[in-house]
Every structure is written in C-alpha cells, then in structure tokens.
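Only one structure is covered here, and it is reproduced in the block below.
Any read-out appearing in this document is the output of simple, stated calculations on the displayed coordinates, not a laboratory observation. Bear in mind the structure is a predicted one, so any value in this text is a computation, not a measurement. Heads up, the Cβs are rebuilt from the backbone with ideal geometry, glycines too, and the neighbour counts pull from every protein chain shown.
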Amino acid sequence: MRIVVIDGQGGKIGKAIIEQIRLCKKQCEITAIGTNSLATSAMLKAGADFGATGENPVVIATRDTDVIVGPIGIIAADSMLGEITPKMAESVGQSRARKVLVPVNRCFEVAGIQEMSLSQYVAQAVDLIFRA
C-alpha cells in the first residue's frame with residue numbers, strides 16, 4: 001500500500017499519523033509531503049520513507065497513490081494559513097486515491113463529528129487507512 005501524508009505548518013499532525021502507521025507494522029510505503037521544510041522534516045523523522053516539500057510534489061504524489069491522509073485543510077485552497085495552494089487542493093480532490101482527513105476545528109467545523117483530542121482523531125484515521 002502506498003500512502004501519501006500531506007501536512008503543513010510544523011507537521012505535527014502528519015508526524016503523529018506516520019508514527020501511528022509505523023506502530024501498525026503493516027507493509028506500506030509512506031511519502032511525506034510538507035507545505036514547508038519544517039513539516040517535511042518532522043514527518044521524515046517520524047518514519048516516512050520519502051519526503052518532499054511544496055506544491056509540485058503534492059501534484060505528482062497524488063496522481064498515483066492508494067491513500068492520501070492529512071488534516072482536512074488539504075482539500076481547501078488557501079487553508080492552513082495560506083499554505084495549501086489552489087493547485088494542491090485540486091490535486092488532492094481530483095486524485096482517485098482514498099482520502100482520510102483529520103478534522104481540525106481551527107479551520108473548519110464539520111457537522112456530525114464528535115469533539116475528540118488530536119491523538120484520538122489520528123488513531124481513527126489510521127484505523128480507516130487499514131480498514132479497506
């Protein structure tokens with residue numbers, strides 16, 4: 001299974017997702033794409049197999065992967081304090097990959113989502129990745 005993890009800012013969510021995926025001991029290849037070098041570095045330290053930074057890596061990586069995972073902002077242009085470009089959001093949205101999104105109430109409010117801690121959301125996201 002090929003998994004692309006996309007995150008920005010400090011990479012906290014992406015780092016947590018990658019750490020949880022690695023704990024599952026499932027066979028998978030993880031590519032970490034950060035919107036900035038700090039986020040990419042954090043995700044690589046967490047155990048990603050590959051890493052890249054910026055808009056074009058998002059466009060390329062989302063073309064041919066099984067799962068895309070990250071904070072909900074990766075599907076909305078100009079979200080995450082402007083770090084998600086319209087082209088990034090479009091690439092994620094148009095990808096045929098399964099998308100597993102972690103709700104972050106700072107950017108969005110999603111009806112029907114119960115309030116949980118970030119670690120609980122991450123655990124749920126990782127369960128969804130391997131459920132299919």
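Some points to look at:
- For the range 103-121, the count of residues that are touching a residue at least 40 places away in the same chain (Cβ under 8 Å), surrounded by fewer than 21 Cβ atoms within 10 Å (Cβ to Cβ) and of a type in the set (Val, Ile, Thr) is at least one.
- Taking the criterion of being farther than 23 Å from residue 63 by Cβ and of a type in the set (Asp, Glu), the only residue of the range 16-43 that qualifies is 19.
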